[in-house]
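Engineer: This structure is in structure tokens; I'll ask about it shortly.
The values are calculated or read from the model by the stated rules, or taken from the named source; none is laboratory data. Since the model is a prediction, treat every value here as computed from it, not as a measurement. Neighbour counts are summed over all protein chains in view; Cβ atoms, including those assigned to glycine, are modelled from backbone coordinates with ideal geometry. Only protein heavy atoms, including side chains, enter the accessible area calculation; ligands, DNA and RNA are left aside. Shrake-Rupley method; radii C 1.70, N 1.55, O 1.52, S 1.80 Å.
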Amino acid sequence: QKEVEQNSGPLSVPEGAIASLNCTYSDRVSQSFFWYRQYSGKSPELIMSIYSNGDKEDGRFTAQLNKASQYVSLLIRDSQPSDSATYLCAGGGSYIPTFGRGTSLIVHP
Amino acid sequence: DTGVSQDPRHKITKRGQNVTFRCDPISEHNRLYWYRQTLGQGPEFLTYFQNEAQLEKSRLLSDRFSAERPKGSFSTLEIQRTEQGDSAMYLCASSSQGTSTDTQYFGPGTRLTVL
């Protein structure tokens, strides 16, 4: 069974700090990974996708993928209170990604 | 590009009633997915269409659930004889065809409450 594991949190960081969100996956054939942000009561919103080992940066967000360790992470620099949300990790080797349960992030002023 | 839309946004129904939800994907996307999400969980896959063909269905999807995408555009998800355990957010997502897992864009969801 394909699994994507995330610590449910909450992860609490002060405003301006770096938030580090982690995710592990069990399916070695997974090729594509996604990070989504989900505010309470809303639907998931895509932040980033990553397909290759290494880092991918987009503004304040950096996704990191290590296929050998089956590990994906998301770094949020200069965290803002508006970043407070649940962050979902998803991965897949077929057309259908498997989602983790999400990590709740709280950025306090 | 108006994004993925879903209708209704909220539905309250009594146990035993049938409900139907609609999803309109991003216009150029040929893949469409239905998910269910409950509190504290990630989206759980229900079913997937490529154009009008339903290519995969979760084993978790009981016979009370049926989905269609008759012309490869919008899709409907019907739940017959609803149960309280069906209460959840039903999410639709769409993507364009690629060689592997495509980037999916979600609609706003339909929140179902079964009394």
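Engineer: Could you compute Rg(Cα) / (2.2 N^0.38 Å) for chain B, with N its residue count?
Structural biologist: Working: Rg = 13.4 Å, N = 115, 2.2 N^0.38 = 13.4 Å.
Dividing the Cα radius of gyration by 2.2 N^0.38 Å gives 1.00.
Engineer: To the nearest 20 debye, what charge dipole does the protein assembly as shown have about its Cα centre, counting +1 at the Cβ of each Lys and Arg and -1 at the Cβ of each Asp and Glu?
Structural biologist: Value, rounded to 20: 600 debye.
Engineer: Here's another thing I want to ask about it. Ignoring ligands, DNA and RNA, what accessible area per residue does the protein assembly as shown give at 1.4 Å, in Å²?
Structural biologist: Values: 10980 Å² over 224 residues.
Heavy-atom accessible area per residue stands at 49 Å².
Engineer: What lysines sit close enough to B:K11 to cross-link, taking a C-alpha to C-alpha distance under 29 Å and skipping anything fewer than 8 places away on the same chain?
Structural biologist: A:K42, B:K57, B:K71
Engineer: Which whole-number percent is the relative contact order of chain A (Cα, under 8 Å, 6+ apart)? List each step's numbers first, then the result.
Structural biologist: Details: 280 pairs, mean separation 42.0, N = 109.
Computed over chain A, the figure is 39 percent.
Engineer: Quote the relative contact order of chain B in percent (integer), defining contacts as alpha-carbon pairs under 8 Å separated by 6+ residues.
Structural biologist: Details: 288 pairs, mean separation 42.1, N = 115.
Taking the mean separation of contacting Cα pairs over the length of chain B, I get 37 percent.
Engineer: For segment B:29-84, what is the charge dipole size about the Cα centre, in debye to the nearest 20, if Lys and Arg each add +1 at the Cβ and Asp and Glu each add -1 at the Cβ?
Structural biologist: Numbers: 8 positive and 7 negative charges, 12 e Å.
So the dipole magnitude of segment B:29-84 works out to roughly 60 debye.
Engineer: Turning to a different aspect of this structure: Once the Cα atoms of the protein assembly as shown are picked out, what are the Rg and Dmax in Å?
Structural biologist: That works out to 17.6, 51 Å for Rg and Dmax.
Engineer: Related question: I'd like the FRET efficiency for A:Y51 and A:E5, computed as 1/(1 + (r/R0)^6) with the beta carbon distance as r and R0 of 30 Å, rounded to 0.05. Mind showing how you got there, number by number?
Structural biologist: Details: r = 20 Å, r/R0 = 0.67.
The value I calculate is 0.90.
Engineer: Based on a Kirkwood Rh over C-alpha pairs, give the Stokes-Einstein translational diffusion coefficient of chain A at 10 °C and viscosity 1.306 mPa s in µm²/s. Spell out each step's value before the answer.
Structural biologist: Working: Rh = 13.8 Å.
In µm²/s, the coefficient is 115.
Engineer: Could you name the lysines whose alpha carbon sits less than 23 Å from that of A:K67, not counting residues in the same chain fewer than 8 places away?
Structural biologist: Excluding near neighbours in sequence, the set is A:K2, A:K56.
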